[in-house]
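Asks: Just dropping this structure here.
The values are calculated or read from the model by the stated rules, or taken from the named source; none is laboratory data. Since we're looking at a predicted model, the values are computed, not measured. Cβ: placed from backbone, ideal geometry, glycine included. Neighbour counts: every protein chain shown.
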Amino acid sequence: MPDARVSVLILAKNEAENLPYCLQTVAWANEVIVVVDRASRDETREIAQRGADLVALRTFDDFASQRNAALELASGEWVFAIDADERATPELAAEIRRVVTDPLNPHNGFRVPIRSVILGRRFRYSGTQHDRPLRLFRRGAGRWVGTVHETVDLQGTAGLLANTLQHRTIPDMKTFLRKINEYTTLEAIKFDRERRPYRATDLALRPFWTFLKLYMGKQGFRDGVEGFVFCALSGFSVAVRHWKHRELVRARRAS
């Protein structure tokens with residue numbers, strides 16, 4: 001497939017600081033599409049319009065819908081999904097171009113390893129170094145499902161790329177706390193919509209289990225003080241999620 005086209009799909013909200021660098025690392029693609037959340041309050045839209053082929057403004061409802069909206073605009077045979085705070089290394093770009101033009105490629109999608117910098121430190125244990133989300137797939141073979149931690153529902157098999165995405169996430173405590181608030185709200189709403197029952201044991205035990213799993217099970221203690229803070233706040237976010245779920249369940253029962 002010497003002429004296989006690749007469309008890059010990016011979601012962005014208040015990403016004026018990250019988006020320019022992300023766009024630079026995907027300049028090799030045939031088509032770059034950015035879906036900008038209408039709630040963005042910085043220059044994200046203007047930056048996207050300068051660096052992307054297509055820009056769509058869309059009010060956020062859930063992550064899968066945002067990504068599928070970008071997918072609908074894509075024209076490439078293959079699509080590659082990347083977040084605004086991620087970077088595609090030159091090695092990853094070369095590998096993507098190679099696999100999509102390989103006539104013997106048996107897969108409809110590929111998983112991509114992620115390496116994270118959290119709170120200014122490159123994590124090796126308790127971050128996302130074990131994450132291999134499906135980010136590259138044939139346009140007609142997959143769609144995103146899930147409202148918060150969305151995944152690709154792929155028709156066919158998936159391979160694994162060797163090179164990594166660089167994820168510069170959570171640069172400071174302010175960003176960490178903001179993301180905890182945003183994601184726990186979305187997760188609590190999802191639980192309530194599914195009519196998942198609130199259980200006090202989830203609030204009492206799951207935060208500690210999350211911390212221990214990351215700090216001891218994944219050896220987060222080897223990521224230094226940043227590792228401890230990441231593991232502790234990850235456990236804290238679980239408590240916040242279940243407390244918000246509790247509030248929604250009580251409000252629904254009272255109405």
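Asks: State whether the residues of the range 144-158 include one that is part of a loop (DSSP other than H, G, I, E, B), under 26 Å from LEU11 (Cα atoms), in the same structural domain as ARG115 (by TED's automatic domain parsing) and of a type in the set (D, E, K, R).
Replies: yes
Asks: Okay, moving on. Which one of ARG206, ARG199, ARG195, ARG222 is on the phi > 0 side of the Ramachandran plot and not assigned by TED's automatic domain parsing to the domain that holds ARG132?
Replies: The unique qualifying residue is ARG195.
Asks: Got at least one residue in the range 91-112 being farther than 21 Å from ALA158 by Cα, of a type outside the set (D, E, K, R) and modelled with pLDDT under 95?
Replies: no
Asks: Can LEU104 be described as assigned by TED's automatic domain parsing to the domain that holds ASP223 and farther than 22 Å from TRP28 by Cβ?
Replies: No, not satisfied.
Asks: Does the range 68-83 hold any residues that are acidic (Asp, Glu) and within 13 Å of the chain's Cα centre (by Cα), and which are they?
Replies: ASP83, the sole residue that qualifies.
Asks: Which of (1) over 30 Å from ARG253 (Cα atoms); (2) of a type in the set (D, E, K, R); (3) surrounded by fewer than 15 Cβ atoms within 10 Å (Cβ to Cβ); (4) more than 19 Å from the chain's Cα centre (by Cα) does ASP172 not meet, given it meets every other one?
Replies: Every listed condition holds for ASP172 apart from (4).
Asks: Which members of the range 35-56 meet the condition of being touching a helix residue (DSSP H, G or I) at 6+ places or on another chain (Cβ under 8 Å) and either within 14 Å of ALA84 (Cβ to Cβ) or surrounded by fewer than 14 Cβ atoms within 10 Å (Cβ to Cβ) (or both)?
Replies: Of everything in the range 35-56, those that are touching a helix residue (DSSP H, G or I) at 6+ places or on another chain (Cβ under 8 Å) and either within 14 Å of ALA84 (Cβ to Cβ) or surrounded by fewer than 14 Cβ atoms within 10 Å (Cβ to Cβ) (or both) turn out to be VAL35, VAL36, ASP37, THR44, ILE47, ALA48, GLY51, ALA52, VAL55.
Asks: Within the range 184-202, can one find any residue that is under 30 Å from ASN105 (Cα atoms) and under 19 Å from the mean Cα position of the chain (by Cα)?
Replies: No, every residue in the range 184-202 fails to be under 30 Å from ASN105 (Cα atoms) and under 19 Å from the mean Cα position of the chain (by Cα).
Asks: OK, next. Can you find even one residue in the range 161-169 that is in contact with a helix residue (DSSP H, G or I) (Cβ under 7 Å, 6 or more places away or on another chain), on the phi > 0 side of the Ramachandran plot, surrounded by fewer than 18 Cβ atoms within 10 Å (Cβ to Cβ) and not assigned by TED's automatic domain parsing to the domain that holds SER234?
Replies: Taking every residue of the range 161-169 in turn, none turns out to be in contact with a helix residue (DSSP H, G or I) (Cβ under 7 Å, 6 or more places away or on another chain), on the phi > 0 side of the Ramachandran plot, surrounded by fewer than 18 Cβ atoms within 10 Å (Cβ to Cβ) and not assigned by TED's automatic domain parsing to the domain that holds SER234.
Asks: Next up: So for the range 219-242 (the condition being of a type in the set (Val, Ile, Thr) and within 26 Å of PHE60 (Cβ to Cβ)), does at least one residue qualify?
Replies: Yes - at least one qualifying residue is present in the range 219-242.
Asks: Of everything in the range 57-82, what is in a strand (DSSP E or B) and surrounded by fewer than 18 Cβ atoms within 10 Å (Cβ to Cβ)? Give them in sequence order.
Replies: LEU57, ARG58
Asks: May I ask you to list the residues in the range 167-192 that are aromatic (Phe, Trp, Tyr) and over 29 Å from THR25 (Cα atoms)?
Replies: PHE191
Conditions tested, residue by residue: (1) out of contact with any Lys or Arg (no Cβ under 9 Å at 6 or more places or on another chain); (2) farther than 30 Å from VAL225 by Cβ; (3) surrounded by 17 or more Cβ atoms within 10 Å (Cβ to Cβ).
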position: ARG111; (1), (2), (3): no, yes, yes
position: VAL117; (1), (2), (3): no, no, yes
position: PHE123; (1), (2), (3): no, no, yes
position: SER126; (1), (2), (3): no, no, yes
position: LEU134; (1), (2), (3): no, yes, yes
position: ASN181; (1), (2), (3): yes, no, no
